[in-house]
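Chemist: Sharing a structure, written as structure tokens. Questions coming.
FYI, it's all coordinate maths here, none of it is from the lab. Bear in mind the structure is a predicted one, so any value in this text is a computation, not a measurement. Counting neighbours? That spans all protein chains shown, and the Cβs are built from the backbone with ideal geometry, glycine included.
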Amino acid sequence: MKTIRFVHCADLHIDSPLKRISDIDSPLGELLRQSTYQSFCNIIDIAIEEKVDCVVISGDIYDSADRSLHAQLRFRDGLNRLSEKGIATYIVHGNHDPLNSWSTKLDWPDNVFIFPGNRVECYPLVRDGEVIAEICGISFKKRDVYENLVPQFPAGSGEIPRIGLLHTNILANTAHKPYAPSSIADLSNAGMDYWALGHIHKHSVLQVNSPAIVYPGCSQSTHPGESGEKGCCLVTLGHGIEPEIQFIATDTARYKTDSIDISCCVTVDDIIASINHMCELVLAEMSSRHVVLRLTLSGRSDLDSELRRGSTMDDILPHIRESWEDRFPRIWIDKLNLRTAGTYDLELLRRGNDFISDIVSIYDGLENPQSEHWEHIRERLEALFTNWRGQKYLDTMSEVDLLELAREARDWSLNMLVKAE
Ligand SMILES: [Mn+2]
């Protein structure tokens, strides 16, 4: 039995505008705007270098349903390069680029298979005149598809590898809109060897075999909420052997959130030096990618009150940005948050007999995760964290995160109260 090799990508969001980043300088803004297309070009390069049999794309090629002709022409350029090398491309559309907004005015290269939206279709993958695999899929015909599409996939003969292409939200994931919901059990019983999924922007292998169920994640982050590496999967699939799934980063810009403890800093210059040091480390870690960094200053420091005075923080940020302006690849500090606290003696405040000591004792009570305060807080927060819209912007919080947040709130309160005395 022959093995096949293919590239699986999804959620390219070509020509996505910048999201949730303000006041970025225009040369870097342009680089970030190009990053979705650059990443797609990198995927095409990998497919050609690796001499794969085909490329499968599991939806959200464009960022919006009113896709620009520009984005479509660029996408077609990439497919042309594959077609010239005899590499077939199989495409389904997702909620961001449903078929009812798909341009019919363009000619697509040979060997490009676009799945219809009204039924599951299966196309053969042919090598040297022989059918070596079958690729089945269905597109979103409109944006809001809330039915489970998996039961429509036909059973196969079991003689050649089969790949299923689908833009879907695995049922349990409440962080994303429940488009075309399905479950691991549904997918496992559909007679596929590999499920090439799209929609969830974080790469994950939900099942390694029988069948493999894979989200490659988006190919390029488009906002600070999507941190970490992004790319595609290079897959080797043969009947009766465990699939080999290799994630390859293709992104050209990356978003990172980090914090710096400034408790050892004696002067504002020390803080600036620490931030610059971190920028240096982050650039080295990102190996030739542009970086958007969101930083938080933390720790107890005598500098706390100085940092909170007047426009100190507003002055530090442009100063640092300016000093990194000429570096390439670029690094940009998108936000500089302040989570520091003063160096007051907490024990002394606790022993007092006043409003401040009451505040400290309330927060001391929160140190016990079983306390009834927490029960109230969790009740209030639940709706926010189980809602898909809330989850899109907020990470799930562990007990440790909540305790950390409570301490932060205590420090904020005490900073204001102790200073006011
Ligand atoms: Mn998407």
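Chemist: If only Cα atoms are counted, what is the Rg of segment 1-138, and what is its Dmax, in Å?
Modeler: 16.0, 56
Chemist: Also, I was wondering about something else. Please give the Cα centre distance for segment 20-54 versus segment 270-333, rounded to the nearest Å.
Modeler: So the two Cα centres are separated by 25 Å.
Chemist: Still on this structure: What are the residues whose amide H is under 5 Å from the amide H of residue 334, where those residues sit 5 or more places off or on another chain and H is modelled from the backbone?
Modeler: Long-range HN contacts for residue 334: 293, 294, 295.
Chemist: Given just the C-alpha atoms of segment 257-402, how large is their convex hull per residue in cubic angstrom?
Modeler: 158 Å³
Chemist: Can I ask one more? Give me, ordered by chain and number, the residues 5 or more places off residue 190 or on other chains with an amide H under 5 Å from its own placed amide H.
Modeler: none
Chemist: OK, next. What is the total of Lys pairs in the chain with C-alpha atoms under 21 Å apart, excluding same-chain pairs fewer than 8 positions apart?
Modeler: 24
Chemist: Once phi is turned into ³J(HN,Hα) by the Karplus curve 6.51 cos²θ - 1.76 cosθ + 1.60 with θ = phi - 60°, what whole-Hz value does each residue of segment 212-219 show in order, with x for glycine and proline?
Modeler: 6, 10, 9, 9, x, x, 6, 8
Chemist: Considering only DSSP beta bridges with both partners in the chain, what is the antiparallel share in %, to the nearest 5?
Modeler: Of those bridges, close to 35 percent are antiparallel.
Chemist: Counting only C-alpha contacts under 8 Å and six or more residues apart, can you give the relative contact order of the chain as a whole percent?
Modeler: 14 percent
Chemist: Given the C-alpha centroids of segment 73-97 and segment 159-235, what is the distance between them in whole angstrom?
Modeler: That distance is 19 Å.
Chemist: Amide H neighbours of residue 182 under 5 Å, at least 5 residues apart or on other chains, H built in the peptide plane: list them.
Modeler: Those qualifying (amide H under 5 Å, at least 5 residues apart or on another chain) are 169, 170, 171.
Chemist: Among 85-95, 341-351, 387-397, 228-238, how do they line up from the highest to the lowest mean number of other beta-carbon atoms within 10 Å?
Modeler: Ranking, from highest mean packing down: 85-95, 228-238, 341-351, 387-397.
Chemist: Now for a separate question. Let me test this: with uniform point scatterers at the alpha carbons of the chain, what is the Debye-based log₁₀ I(q)/I(0) at q = 0.08, 0.13 1/Å?
Modeler: -0.56, -1.11
Chemist: I need the GluC sites (Glu not before Pro) found in segment 261-317, filtered to DSSP loop residues with at most 16 other beta carbons within 10 Å of theirs.
Modeler: Hits after loop and neighbour filter: nothing returned.
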